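Worksheet: one structure, shown below.
The values are calculated or read from the model by the stated rules, or taken from the named source; none is laboratory data. These numbers come from a predicted model, not from an experiment. Virtual Cβ from ideal backbone geometry, glycine too; neighbours counted across all protein chains shown.
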Amino acid sequence: MDMIDFFTRSRFGMFVHFGLYSIPAGVWKGREQGRNHYAEWIRYQALWPDGGAIPDGEYRALASEFNPAAFDADAWAEEIRNAGMKYVVITAKHHDGFALWDSRVSGFNIVKATPFRRDLIRELKEACDRRGIVLGAYYSHWLDWEFPGGGLPLWPEIPEDPPLEQPSDAEFEHYFTAKCLPQVTELLDGYGIRLFWFDNWCKCSLLTEARLEKLIDLVHSRGGIVNSRIGVTWNHSGGDAAGIDYLSMGDNQFPDKAIPRPWETSGTFNESWGYHRLDYRWKTTDFLLKCLISNASRNGNYQLNIGPHADGSIPAPSVRRLREIGAWLAVNGESVYNTACAPQPEPGWGRLTLGKDGALYAHVFENHPACQLVIEAVSAAPRSARILETDQRVPFHHGEGRLTLQMPPESVNSPLNVVKIEF
Ligand code: FHN
């Protein structure tokens, strides 16, 4: 399979942040983690701003409690498929260094260090394969808080503290060659992973061009693809980054124009990536769908994150939203999958996507009775315009390169209508 072609056609994928941090879930010894709501950062932010990080031994001890007995790879894969997502990228290893597969490189993993003793990546890969879903891996190649020489946060978690002492170049080289490259090789060769999401977001001298080239070449040698956050570029507008297959935006960042190369936004349902028991800032399905549609209309993908509970179950607010998005896509999917940015200017009332067969899809963000929707720069007169979900005919007028759709008053009852315009 040509991975980048698959990625571009898919438009919608899942992100999963799951690991030892899912146990404290944003609360350490009865107190809410400070600084931000990224529960997967609790190792360094537990006591912010009054104290240091969780001591290494205490954090590692979470492994002996990690037992996601409710994890069911087929149930996860069903939710992914029913949501209309075509791929899933899971934190195979996040910054804490803990691996979700049976790694021979480091014993700090789900099989060797926890009572669960099952290989989650293997189970999920098989469940995804059964459904034609592509499994990808998030791999924290720069930060690794358990292995000697792994990168540490560049900034002090407590403003008065001196910055953390960084590994030397030689120490980082040890981590890079003894853990990072061999683990990525395990994911490529032992698990057939071809879609990689690496994570770096600041200029870091340890990620030298030579190291990045090695990592990129390794993934490319097996036909895999890598994202821009590997560190070569941090350019939201889409700079020319050698070796990069797709761009990743900043967290929850949505560009306001089309980008002429493959790209994606990774986003959260609430604020945290890992499960956070006190994060109640859930976004609405309407908002999330608009993010998906908007990105598709600008040539981009949307990778929407779940943070499963420590027992492996998916939080109810995510499940409800996933199912609602899936229900919308079940009837409107052709206006999103395998589409591209339309040549017409983006209208203020919504978004436009262009199907491979030349159909134009008008996504109505603002529904109100008897509204007229104008699309500029439509050179030919359409042969038909219909609401995708109901097949209701939409009267239109075409003249002087302008198409005006007269939305039927009943259509206000369905939010996010799509009008399919055929020529
Ligand atoms: O530090 C990580 C964070 O925990 C999370 O994984 C996000 C996902 O995009 N990436 C980093 C911050 O941007």
In the set Trp48, Trp76, Trp101, Trp41, the lone residue that is touching a residue at least 24 places away in the same chain (Cβ under 8 Å), in a loop (DSSP other than H, G, I, E, B) and surrounded by 21 or more Cβ atoms within 10 Å (Cβ to Cβ) is Trp101
Leu360 vs (1) surrounded by 22 or more Cβ atoms within 10 Å (Cβ to Cβ); (2) in contact with a helix residue (DSSP H, G or I) (Cβ under 7 Å, 6 or more places away or on another chain); (3) more than 30 Å from Phe116 (Cβ to Cβ): all pass except (2)
The residue from Gly136, Gly192 that alone is modelled with pLDDT of 95 or more, within 25 Å of Phe12 (Cβ to Cβ), surrounded by fewer than 16 Cβ atoms within 10 Å (Cβ to Cβ) and out of contact with any Ser or Thr (no Cβ under 7 Å at 6 or more places or on another chain) is Gly192
In the stretch 76-122, anything among the hydroxyl-bearing types (Ser, Thr, Tyr) and farther than 30 Å from Leu329 by Cα is listed as Ser103, Ser106, Thr114
Original post:
For Asn295, are the conditions met, namely being part of a strand (DSSP E or B), within 16 Å of the ligand (Cβ to nearest atom) and either under 16 Å from the mean Cα position of the chain (by Cα) or closer than 25 Å to Thr390 by Cβ (or both)?
Top reply: no
For the stretch 1-32 the number of residues that are touching a residue at least 60 places away in the same chain (Cβ under 8 Å) and either within 15 Å of the ligand (Cβ to nearest atom) or more than 28 Å from Leu329 (Cβ to Cβ) (or both) is 15
Flag for Leu289 being surrounded by fewer than 20 Cβ atoms within 10 Å (Cβ to Cβ), among the hydrophobic types (A, V, I, L, M, F, W, C) and either in contact with a Leu (Cβ under 7 Å, 6 or more places away or on another chain) or assigned to a loop (DSSP other than H, G, I, E, B) (or both): no
> Does the stretch 268-277 contain any residue that is touching a residue at least 24 places away in the same chain (Cβ under 8 Å) and more than 30 Å from Leu416 (Cβ to Cβ)?
Replying inline: yes
Residue hits (the stretch 242-273; within 14 Å of the ligand (Cβ to nearest atom) and farther than 19 Å from Asp199 by Cα) are Phe269, Asn270
Checked Arg117, Arg104 against criteria (over 25 Å from the mean Cα position of the chain (by Cα) and on the phi > 0 side of the Ramachandran plot); the one match is Arg117
When the stretch 316-335 is checked residue by residue, the ones that are in contact with a strand residue (DSSP E or B) (Cβ under 7 Å, 6 or more places away or on another chain) and of a type outside the set (Gly, Ala, Ser) are Asn332
Looking across the stretch 122-155 at residues that are of a type in the set (A, V, I, L, M, F, W, C) and more than 23 Å from Ala77 (Cα to Cα), the single one that is nearest to the ligand (Cβ to nearest atom) is Leu143
Picked from the stretch 51-73 (must be of a type in the set (Gly, Ala, Ser) and either in a strand (DSSP E or B) or free of Cβ contacts under 8 Å to residues at least 40 places away in the same chain (or both)), the residue surrounded by the most Cβ atoms within 10 Å (Cβ to Cβ) is Ala61
When every residue in the stretch 8-25 that is of a type in the set (Phe, Trp, Tyr) and part of a strand (DSSP E or B) is compared, the one nearest to Val89 (Cα to Cα) is Phe15
